[in-house]
Amino acid sequence: MSKLVTLLNGPNLNLLGLRQPEIYGRETLDDVAARCADLAEDLGLRLRALQSNHEGQLVDWIHQARDGSAGIIINPGAYSHTSIAILDALNAYDGPVLEVHISNIHKREAFRHHSYVSSRAEGVIAGFGTEGYLLALRRMATLLGA
Ligand code: CA2
């Protein structure tokens, strides 16, 4: 049975490809999820891709991942910079966590430079566009020995 990886996207990432293409690119979140699902299959993994604009929903999905998901890839969106609740939920999760940002948060406003999630993540990818999700998935396969 192949291992399950949970891919979580936070607030406003449902608008991917629809607005601000100069920052976030032209691919929609559905495009990204489909590319990740294809790659996951190639890597011998299964993918559960979820997006929410609500902090509590993301916390609930992280709790669910405790039961049956071998790893979490998360782009917490703006909650990266504010959410101790998401950090606490990830700290209660045992598997590897990888954090993805489409844009280079360190090249942007100072308030984006700190992410609470980074203190829990095994690795952080920022500024590689939507390709960052695929790179994170490859790294997750290595970490899971898939
Ligand atoms: O670069 C990233 O992936 C971010 O996590 C994206 C968040 C931002 O608050 C973080 O600082 C960095 C914002 C996501 C908004 O996504 C949109 C996509 C298309 C159009 C409008 C918003």
query: Out of curiosity, is Arg139 more than 10 Å from the ligand (Cβ to nearest atom), open to solvent by less than 50 Å² (accessible area, probe 1.4 Å), charged (D, E, K, R) and touching a residue at least 24 places away in the same chain (Cβ under 8 Å)?
result: no
- request: Please state which one of Ser103, Ser119 is touching a residue at least 24 places away in the same chain (Cβ under 8 Å), touching a helix residue (DSSP H, G or I) at 6+ places or on another chain (Cβ under 6 Å) and not basic (Lys, Arg).
  value: Ser103
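Tally time: how many residues in region 58-80 are of a type in the set (S, T, N, Q) and within 16 Å of the ligand (Cβ to nearest atom)?
2
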- prompt: What number of residues within region 94-136 satisfy the criterion of being surrounded by fewer than 16 Cβ atoms within 10 Å (Cβ to Cβ) and in contact with a Ser or Thr (Cβ under 7 Å, 6 or more places away or on another chain)?
  reply: 1
message: Quick check on this structure: which one of Leu16, Leu39 is touching a Phe, Trp or Tyr at 6+ places or on another chain (Cβ under 7 Å) and within 17 Å of Gly129 (Cβ to Cβ)?
response: Leu16
Filter result for Leu50 (within 16 Å of the ligand (Cβ to nearest atom), touching a Phe, Trp or Tyr at 6+ places or on another chain (Cβ under 6 Å) and closer than 23 Å to Arg26 by Cβ): yes
- line: Residues of region 15-33 being more than 8 Å from the ligand (Cβ to nearest atom) and surrounded by 13 or more Cβ atoms within 10 Å (Cβ to Cβ), in sequence order, are Gly25, Glu27, Thr28, Leu29, Asp30, Asp31, Val32, Ala33
- prompt: Does any residue of region 49-67 turn out to be in contact (Cβ under 8 Å) with a residue 60 or more places away in the chain, in contact with an Asp or Glu (Cβ under 8 Å, 6 or more places away or on another chain) and open to solvent by 10 Å² or more (accessible area, probe 1.4 Å)?
  reply: no
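The values are calculated or read from the model by the stated rules, or taken from the named source; none is laboratory data. Model, not experiment: these values are computed from the prediction. Virtual Cβ from ideal backbone geometry, glycine too; neighbours counted across all protein chains shown. Remember, those area values only see protein heavy atoms, side chains included, never the ligands or the DNA or RNA. Shrake-Rupley method; radii C 1.70, N 1.55, O 1.52, S 1.80 Å.
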